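Participant: Pasting in a structure now, in structure tokens, and then I'll have a few things to ask.
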Amino acid sequence: MKTLQDSFVLNNGVKIPCVGFGTWQTPDGETAVAAVREALGVGYRHIDTAAAYGNEVSVGEGIRASGLARSEVFVTSKPWNTERGYDKTMAAFEKTVSDLGLDYLDLYLIHWPAAANQFENWQDINLSTWKAMTELYKAGRIRAIGVSNFLLHHLQALMESEVQPMVNQIEFHPGQMQEETLQYCKEHGILVEAWSPLGTGRMLNNETLKTIAGKYKKSVAQLCIRWCLQNGVLPLPKSVTPSRIKENAAVFDFEITAEDMSAINSMAYCGGSGLHPDKIDF
Ligand code: A2P
């Protein structure tokens with residue numbers, strides 16, 4: 001990867017620009033419009049949102065404000081947990097594309113798995129959501145489909161489906177690599193995307209990361225983003241601050257050595273969202 005416009009290739013051949021612009025916790029309204037326009041202006045070509053972020057209308061406005069053609073921007077969204085199941089997912093998709101002002105999505109992800117702590121028939125619920133996504137995919141309304149926050153057992157329960165997930169978007173940052181899920185995804189051609197690659201900012205004061213970043217004259221944020229890429233994981237850094245949006249894009253002029261990669265890969269847990277897919281209550 002040499003620029004933001006270089007791509008990973010999904011298991012259905014669709015190209016996905018290698019760094020996505022995250023919008024979780026980006027307030028709706030002018031802040032989201034400006035952040036998305038800014039990101040596209042500095043060269044990002046991939047925007048990640050979700051119905052639950054409450055900012056799809058503004059994200060769509062930001063995309064239009066960039067002046068880029070629709071085909072130049074890769075757009076991801078996700079139906080929320082209240083919209084699981086075939087009919088609700090179908091309706092959620094129509095609302096999402098209408099709010100974004102788009103007529104197709106590049107990628108649509110099940111936001112969180114239905115899990116055993118809330119649903120006895122969790123496998124059936126996920127399969128029924130997946131059936132809707134598969135139909136939308138086959139109808140050409142979505143270019144690629146996948147999941148988010150799926151652990152090994154959630155993935156395994158989907159793998160006999162006609163269409164297998166192309167992406168699994170998980171919390172991924174130093175100290176939280178989810179090795180088992182990562183390994184499984186790599187073995188099955190599922191691209192892993194990193195939400196909160198900076199640990200929602202928690203990584204930025206970590207002494208180990210500061211020392212390593214200093215060697216490359218890079219910020220910890222840049223180190224974390226580059227570290228994702230070198231692990232074959234697609235990072236989705238979020239910022240609403242123009243200088244940081246630009247900084248987070250400058251990750252192609254250095255290479256982390258194998259030794260430093262393994263030092264970061266072996267870091268112990270040092271903070272994260274604390275959200276566990278089998279324990280969440282939302
Ligand atoms: P802000 O949006 O106010 O600029 P993550 O991508 O892991 O979820 O992290 C997002 C958080 O990290 C946000 O609070 C964001 O702040 C902050 N952030 C993003 N990029 C940088 C950066 N380069 N330097 C410092 N903080 C950053």
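The values are calculated or read from the model by the stated rules, or taken from the named source; none is laboratory data. Note that this is a predicted model, so its numbers are computed, not measured. A quick note on method: Cβ atoms are made from the backbone with ideal geometry, for glycine too, and the neighbour counts reach across all protein chains shown.
Participant: So if I check each of S273, S196, S219, which one is more than 21 Å from L10 (Cβ to Cβ), among the hydroxyl-bearing types (S, T, Y), surrounded by 23 or more Cβ atoms within 10 Å (Cβ to Cβ) and within 13 Å of the ligand (Cβ to nearest atom)?
Facilitator: That would be S196, the only listed residue that is more than 21 Å from L10 (Cβ to Cβ), among the hydroxyl-bearing types (S, T, Y), surrounded by 23 or more Cβ atoms within 10 Å (Cβ to Cβ) and within 13 Å of the ligand (Cβ to nearest atom).
Participant: If you don't mind, there's one more thing I want to ask. Which residues, counting only those in region 1-33, are surrounded by 18 or more Cβ atoms within 10 Å (Cβ to Cβ) and assigned to a helix (DSSP H, G or I)?
Facilitator: Hits for region 1-33 are A32, V33.
Participant: Within the bounds of region 203-212, is there any residue that is more than 15 Å from the ligand (Cβ to nearest atom) and assigned to a loop (DSSP other than H, G, I, E, B)?
Facilitator: Looking through region 203-212, none of the residues is more than 15 Å from the ligand (Cβ to nearest atom) and assigned to a loop (DSSP other than H, G, I, E, B).
Yes/no matrix, rows are residues, columns are (1) within 25 Å of K186 (Cα to Cα); (2) out of contact with any Pro (no Cβ under 9 Å at 6 or more places or on another chain); (3) free of Cβ contacts under 8 Å to residues at least 24 places away in the same chain:
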residue	(1), (2), (3)
V75	yes, yes, no
M90	no, yes, no
H154	yes, no, no
Q164	yes, yes, no
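Participant: Given the condition among the hydrophobic types (A, V, I, L, M, F, W, C) and within 16 Å of the ligand (Cβ to nearest atom), answer yes or no: does some residue in region 180-188 qualify?
Facilitator: no
Participant: For region 193-233, enumerate the residues that are touching a residue at least 40 places away in the same chain (Cβ under 8 Å) and charged (D, E, K, R).
Facilitator: Correct list: E193, R202, K215.
Participant: Does S128 count as surrounded by fewer than 19 Cβ atoms within 10 Å (Cβ to Cβ), closer than 17 Å to K78 by Cα, touching a Phe, Trp or Tyr at 6+ places or on another chain (Cβ under 7 Å) and in contact (Cβ under 8 Å) with a residue 24 or more places away in the chain?
Facilitator: Answer is yes for this residue.
Participant: Right, something else. Please determine whether any residue of region 124-141 is closer than 17 Å to V192 by Cα and at pLDDT 95 or above.
Facilitator: So far as region 124-141 goes, no, none of its residues is closer than 17 Å to V192 by Cα and at pLDDT 95 or above.
Participant: Pairs only if they're at least six apart or on different chains, beta carbon under 7 angstrom, first in region 234-252 and under 26 Å from G146 (Cα atoms) and among the acidic types (D, E), second more than 8 Å from the ligand (Cβ to nearest atom) and outside any strand (DSSP E or B); list them, first residue then second.
Facilitator: Note: no pairs meet the criteria.
Participant: Condition first: surrounded by 18 or more Cβ atoms within 10 Å (Cβ to Cβ), of a type in the set (G, A, S) and more than 8 Å from the ligand (Cβ to nearest atom). Now tell me which residues in region 222-261 satisfy that.
Facilitator: Of everything in region 222-261, just one residue is surrounded by 18 or more Cβ atoms within 10 Å (Cβ to Cβ), of a type in the set (G, A, S) and more than 8 Å from the ligand (Cβ to nearest atom), namely A249.
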